[in-house]
1. Taking A261 as the residue in question, decide whether it is under 23 Å from the mean Cα position of the chain (by Cα), at pLDDT 80 or above and part of a helix (DSSP H, G or I).
2. Among the residues of the stretch 483-506, write down those that are surrounded by 15 or more Cβ atoms within 10 Å (Cβ to Cβ) and out of contact with any Ser or Thr (no Cβ under 7 Å at 6 or more places or on another chain).
3. Evaluate the following for A282: is it in contact with a Cys (Cβ under 8 Å, 6 or more places away or on another chain) and surrounded by fewer than 24 Cβ atoms within 10 Å (Cβ to Cβ)?
4. Looking at (1) outside the structural domain of V303 (by TED's automatic domain parsing); (2) in contact with a helix residue (DSSP H, G or I) (Cβ under 9 Å, 6 or more places away or on another chain), can you tell me which one L446 breaks?
5. Tell me the residue from V310, V270 that is of a type in the set (V, I, T) and at pLDDT 85 or above, please.
6. For the stretch 215-233, check the following and say yes or no: at least one residue is surrounded by fewer than 21 Cβ atoms within 10 Å (Cβ to Cβ), at pLDDT 80 or above, touching a Pro at 6+ places or on another chain (Cβ under 7 Å) and not small (G, A, S).
7. For the structure I just gave you, tell me whether Q33 is assigned to a helix (DSSP H, G or I) and either out of contact with any Asp or Glu (no Cβ under 9 Å at 6 or more places or on another chain) or at pLDDT 80 or above (or both).
8. Is it true that V147 is within 29 Å of A285 (Cα to Cα) and either of a type outside the set (D, E) or modelled with pLDDT under 85 (or both)?
Amino acid sequence: MKKNNFIQGAFIATFGIVASKILGILYVVPFHQIIGEQGGALYGYAYNLYNLFLSISTIGLPLAVSKLVSEYNALGYYQSKEKAYRLAMRVISIMSVVAFLILFIFAPYLARAIMGDITGGNTVSDITFVVRIASLAIVFVAALSVVRGYLQGHKFITPSSISQVVEQFVRVIVLLAGSYAALNIFHLGLKNAVGVAVFGACAGAIAALLYLLWKIHKSKELKPKDYEMSEEEKKITDKQILKRLLLYALPFVFISFMTSAYSIVDMMTVVKTLVNTAGFSAADAESVMSVMTTWGSKLSIIVTSIASGVTVSLIPNIASSFVKKDMKDVTRKTNKAYQMVLYTTIPMATGLSLLAIPVWNVFYGPSEYGANVFCVTVLVSVFSSISMNSTIIMQSLNQYKVVFATLFTGLVWNASMNIPMMTLCYHLGIPAYYGAPIASITGYILSSGICLYYLNHKFKISYQQTLRHLIHILGANAAMIVVILLLNNVVPIDVVGFKQSIFLIVFYTLVGATVYFGITKFDKTIDQIFGMEEIKRFLRKIPFIKKLVH
């Protein structure tokens, strides 16, 4: 295992996350054909509750371990970082078992809170069953996340990224093969097919956990020779380490909880509002809900994975710079993180929004609501990515109170505005379901704005360079939009055929990417943000590219 610097780490982490998400995207085509939209809604109910309870059970420890291990490593405290890892594993084992038991026992009550008295779709019994299956994965996924945090704290990004691909690969195999067999071979019904699919998360986590434990066992870099504990390190007790872990963890769990809570707010309000206010049937309302929480999110997650990759590298790098009191480097990495996220997520989300119809046709086939909902919900991913990086930076600088305040403010805004926004859209003659993503976007903007102001006010972090790059990014993105809209008059985007849709996606992606990258290469934006040497160095590490070079 080799350590990676900030840019390299961001590239590798993003590459691993994107690869795993591509697997996650590709499987939805056959998965959608197997279980349909009603099954997708049922799967979404289980997965969203699972994610919420997972964030509670991990209590932010994986990223806290990454931060604390990075700090102790920078100071040369080998024994203390090992203690931090062991303590984190003990705590997370207890918390994950408790979360599993709570979710398993209270699944019927949560199912009733979701469906209420609505009939004609999935039943309370169906939701209870799949939620209980999902709860089994919490224990293994929680342990896996701490092991990843331990390696990331040492800046060993590669094995952590590979484990994500392993986890996703095993999960997809179990999900597809299991759901198909349950439904079409053993004829066990939709509920059991979705239950098997949800179990895939547990199987994937076990496989990835075994892989990482094997890598740690083989590693020599994690066990330095001739180590002598310093007098300062001898004063560090288990109690102090545990206290710091929990102190670092709370903001992370709050971040994770708030991210899941946005989906929970939609899950608790969208179906009921569409049925009771906008006159939707229960089946149609659940179709919209499945796009927001399951099918659409599977596609838009490719955008947020960019921010996730940057975050993985950002935490240990900013934490180590901050503990050394190198604020100049903190400012540089903060701006670099924003620039990387903005440069990649804006054109990706815009392109997916413009190509919503052919993209949806390729993955799911023609749908009354699919593309219409997705073209707006995918834009949320840009703002959630910015918000994620803002709060992670704040947490890395130990600004816990501000993190709590900003995230809570954004969530309260989202929760209070979701129903009013949907109602307003309905009365304005706009599809009512647009109100939910609008409420989410404004909530993320509010959270990010507070963080940006505080970073500038407290730490004197200037965003002038990032703002200059943003102007170029938006200009290139606008040019891409104009070219695509003009071409639409010649090669229409709104087709429904599978082969035509594939052609349109490839054609417009090549055109859009050429325009966007061409302009940003011409004005040197891409060079200044990423550094061409770093890009070339990373590309050379990819096996098939390395062979081409040689």
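1. Here the answer is no, as A261 does not meet what is asked.
2. Our first condition is that a residue be surrounded by 15 or more Cβ atoms within 10 Å (Cβ to Cβ); within the stretch 483-506, this holds for 483-484, 487, 493, 495, 500-501, 504-505.
Passing the criteria: V483, I484, L487, I493, Q500, S501, L504, I505.
3. Working: in contact with a Cys (Cβ under 8 Å, 6 or more places away or on another chain): no; surrounded by fewer than 24 Cβ atoms within 10 Å (Cβ to Cβ): yes.
Answer is no for this residue.
4. It is condition (1) that L446 fails.
5. On the way: V310 fails: at pLDDT 85 or above.
V270 is the lone residue from the list that is of a type in the set (V, I, T) and at pLDDT 85 or above.
6. yes
7. Values: assigned to a helix (DSSP H, G or I): yes; either out of contact with any Asp or Glu (no Cβ under 9 Å at 6 or more places or on another chain) or at pLDDT 80 or above (or both): yes.
Against the criterion (assigned to a helix (DSSP H, G or I) and either out of contact with any Asp or Glu (no Cβ under 9 Å at 6 or more places or on another chain) or at pLDDT 80 or above (or both)), Q33 qualifies.
8. Values: within 29 Å of A285 (Cα to Cα): no; either of a type outside the set (D, E) or modelled with pLDDT under 85 (or both): yes.
No, not satisfied.
The values are calculated or read from the model by the stated rules, or taken from the named source; none is laboratory data. Nothing here was measured: the structure is a model prediction, and the numbers come from that model. No Cβ is skipped: glycine too gets one built from the backbone with ideal geometry, and neighbour counts run over all protein chains shown.
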